[in-house]
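Just so it is clear, none of the values below were taken in a lab; they were calculated from the coordinates. In this text the structure is predicted, and so the values were computed from the model without any measurement. FYI the Cβ positions are ideal-geometry reconstructions off the backbone, even for glycines, and counts take in every protein chain you see.
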Amino acid sequence: MKEKIKSSFSRAATTYNSVSEAQVLSSAFLAQTVRESLPFALQKILDIGCGTGHTSLEFMKIWPNADYTLCDISENMIAEARLRIEKAEYIVGDAEKYEFTENYDLGISNLTLQWFESWEAFPEKILKICRRFAFSTISDGSFRDYKKILAERGISLPPLPSAEELKRVCEKHGLIRCQTRSHNMLFENSFALARYFKKLGAATTSFGAKNILSLPGNHSVNLNYEMFFAVCGSPF
């Protein structure tokens, strides 16, 4: 599964920025959430699943003097991030399996945990090297209309955790703050949605792929993101 995800996002590295509306908004909101939760200087920040660098760029607006390390499973995504952020360290690797050797004030991850094989276990791992972990991910309320249309055709998407489940996991690791936010995107028809998933890198994942081909081509499709934001770890 991870190899498919890696290949899909690698192919979309040069088109990702053109359609990453939800990801950009989520990055900005995550940075704001951290600023309100941790209103002091941060020296070292690790960006997990950095993609093309949206999230680090938002954090740099608030903590411009911090040292940043960006990690992503896709070398092509890292290459795009390097074009936008020169003064940073980079790691190409699967954060779930990669053995990090440095310690950080903060680990951040924007709309990435939904791609992990075991999102529940990751906070415990990352908090061994990061004093705090701030992340956003999509919850089970996402893609309601899309899932309904697919269900009518006998197709189901992979389950996503509820906001309550996400909160419970965070509470085990020192929950500092959590909140939710919604974002809706309307596509003219299934072909427009298919183009979106392809450019984003989700076309061959379980959320896209052949599922889109079963949608009626002449009907608009609403794609809603229900996003969960949390900061956990040490408050000081």
Evaluate E = 1/(1 + (r/R0)^6) for ASN222 and GLU89, where r is the Cβ-Cβ distance and R0 equals 45 Å; express this FRET efficiency to the nearest 0.05. 0.70
Give a quick list of chymotrypsin sites (Phe, Trp or Tyr not before Pro) in the stretch 1-56 that DSSP marks as loop, anything other than H, G, I, E or B, with at most 14 other Cβ atoms within 10 Å. PHE40
Can you give the % of DSSP beta bridges in the chain that are antiparallel, to the nearest 5? 50 percent
Taking N as the number of residues in the chain, what value does Rg over Cα atoms divided by 2.2 N^0.38 Å take? 0.99
In whole angstrom, and with the biggest value first, how far do the Cα coordinates of the stretch 59-129 range along each principal axis? 31, 27, 22
Stokes-Einstein diffusion coefficient of the stretch 1-98, Kirkwood radius over Cα pairs, 10 °C, 1.306 mPa s, in µm²/s: 115 µm²/s
Report, to the nearest 10°, how far helix 75-84 tilts away from the longest principal axis of the Cα atoms in the chain, using its own Cα long axis and a range of 0 to 90°. 60 degrees
Could you tell me which chymotrypsin sites (Phe, Trp or Tyr not before Pro) in the stretch 54-156 are loop residues by DSSP with no more than 15 other beta carbons within 10 angstrom of their beta carbon? TYR98
